[in-house]
Structures are given as C-alpha cells and as structure tokens.
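First the structure, in the form of structure tokens, and then the observations on it.
The values are calculated or read from the model by the stated rules, or taken from the named source; none is laboratory data. Since the model is a prediction, treat every value here as computed from it, not as a measurement. Backbone-built Cβ (ideal geometry, glycine too); neighbour counts: all protein chains shown.
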Amino acid sequence: MKSDGAPLQVKATDANQRFSRLLAESEQGRDIVITKRGRPVARLQSIHTAVTDTPIGTPVEGEVPDFEKRTDIIETCRRMNDIGLNQGTSGNASVRVEGGMLITPSGMDYDMMVPADIVKIGITGRLLHGHRRPSSEWHFHCRVMEAMPRAGAILHTHSINATALACLGMGIPSFHYMVGVAGGRDIRCAPYATFGTEELADAVLDALDGRLACLMANHGMLVLGRDISDAFKRAVEVETLAAQYLKALAVGEPNLLSDGEMDVILEKFKTYSGWAQPNK
Ligand SMILES: [Zn+2]
C-alpha cells in the first residue's frame, strides 16, 4: 500500500503509548518514523515488509513491551556501525529487563530492524516474546547476565583493532591508565571457542572475572555496562585502547604502568570518572 505524503514522525516515548493505533495506521499505508532525540530510529511500516530471517513463533501485534529499551538497542547498534565499531550484522547487544533480557535478532541488518524484531529471552535462553531467532551468541549474553547481576547491558562487536589483537591472542596490558575503564589492571583475551557455543560462554566468563570487558581470541570483543549507553561508551574506549596499543607495538615495547599505579587509577575511577565498577 502506498503512503500519503511525508512520513509521520513520532517520538519513541509517545509511540509507546500510542503503539496499537500507530500500528493500525501503518497497516493503512501511513509511513510512520519513530524518532529519538530528533533522529529516526525505526520505520513502523517496515514491520510488515522487513522479513530477512526465518520468523519463528507468532508475529508480534499490538503493543510492544519495553519499547523504549528496544529503540535504544537499535539506535546503539546503528551507531556502532556508523562509527565503524562494528561491520554488517556481526555484532549483537542485550539489555536486562524485568524477567529476562532483550537481545538483537540473529543475522538481521540493523537498518531494517524495528522494535518488534528485538527478542525477549529468559536468563536460560528461553524465548519469551518475539517472532525472530535471538542472536546466535545468546549463550554468553545469558551467562554473563546471570553471573553479573549489576550488568544492565552487553555489547559484542568485531571492531577492527580489538579483533586484530584478539587474533594475535593478545589482551591489553596496563600500557595506558584508561585500561582501568574495563574494571581491572588489564583487559584479558578469552581463549578461542566456536561462536555460539557454551564453551565460548565459559571462556568469556573466565576472562571477565572482575572486569567489564574482554577480548575474544580470533573473534572480537565484549563489554558490559550499567545500561546500553554506558556499554557503548566503554566499547568505544576499548577499541581506542586497542588501536593505541597496536600502534605503540608497531614501534617498540610499550612501557607498562605498575600494578600499584593501576590500583590508584582504579580507586580514582570509583569516585571520579563515572565508569561503573565490576560486579564483584
Ligand atoms: Zn561475534
């Protein structure tokens, strides 16, 4: 059905309350764009046209629970791709909600994603709400959320510099004080395990012990946050540190800060920088 005129722009906060009516209007062919802080984050019309993966379960109709958190996830995933922190559909994200977590669907283009495409699963991975398959990495999202109750969000990306280090089996040592944003004296690299497996979840959990970020050998990186914007900020910082460390390594062996100095930094971060501390 063809749309009449310019798209109707609706703020995410308003859309949540009017969702059933907006959905009905979109079915009549009205082009409705959901915006957040003035930026378009989703096009309601595409709920009925954007099918890029095999749907499972029953299509979602009517009000979508946790609508705003879903738009936050989509916006963050798009930002990750916009700034080169992730490529294509390879990364994934989850956010803790009442009764479980919201997680990005498997293999779906972020530009095609609408709030109803985000899947709600329980802490054991059971599908609770949604018509798509959850990210193939749901194992480590569930295990980390379970083990670290203060983690509100998890981001996983194949960002270039962190992944390059991870392909060398290297973590990030205390070459720069900002390593402390990952919650400890260094950022570890989890040993390799096949994507989507419980073995990978085990390896990630070990590498995260006392930390808010880790690299994953021959794969990518993972960060935690109080919420998704905190996780995004940390992902940008970890990728920046990886780039700086690689650049320093290209010339020589970087000087490392002592454990004592890193402990001073970690103490200062608790009260000064606003960076969240590990869930220990
Ligand atoms: Zn991955």
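Brief remarks on what is shown
- The number of residues in the range 78-94 that are under 17 Å from G125 (Cβ atoms) and in contact with an Asp or Glu (Cβ under 7 Å, 6 or more places away or on another chain) comes to 1.
- Failed item in (1) part of a loop (DSSP other than H, G, I, E, B); (2) within 30 Å of V114 (Cα to Cα); (3) away from the ligand (no atom under 16 Å from the Cβ), with R185 passing the rest: (2)
- Test: residue in the range 260-271 that is more than 15 Å from the ligand (Cβ to nearest atom), touching a strand residue (DSSP E or B) at 6+ places or on another chain (Cβ under 6 Å) and either without any contact (Cβ under 8 Å) to a residue 60 or more places away in the chain or of a type in the set (A, V, I, L, M, F, W, C) (or both): no
- Condition check for G220 on (1) modelled with pLDDT of 95 or more; (2) farther than 27 Å from M101 by Cβ: one failure, at (2).
- Strands (runs of 3 or more DSSP E) enclosed by the range 33-124 - at least 2 residues per element that are modelled with pLDDT of 90 or more: 92-97, 100-103, 119-121
- Take the conditions (1) crowded, with 21+ Cβ neighbours inside 10 Å; (2) in contact (Cβ under 8 Å) with a residue 24 or more places away in the chain; (3) among the hydrophobic types (A, V, I, L, M, F, W, C); I121 misses just one of them, which is (2).
- Among residues of the range 210-234, those that are more than 13 Å from the ligand (Cβ to nearest atom), of a type in the set (G, A, S) and at negative phi, counted: 4
- Selected residue (criterion: nearest to D66 (Cα to Cα)) from residues of the range 89-105 that are within 16 Å of the ligand (Cβ to nearest atom) and in contact (Cβ under 8 Å) with a residue 60 or more places away in the chain: S94
- Residue match in the range 234-251 (condition: surrounded by fewer than 21 Cβ atoms within 10 Å (Cβ to Cβ), in contact with a His (Cβ under 8 Å, 6 or more places away or on another chain) and part of a loop (DSSP other than H, G, I, E, B)): no
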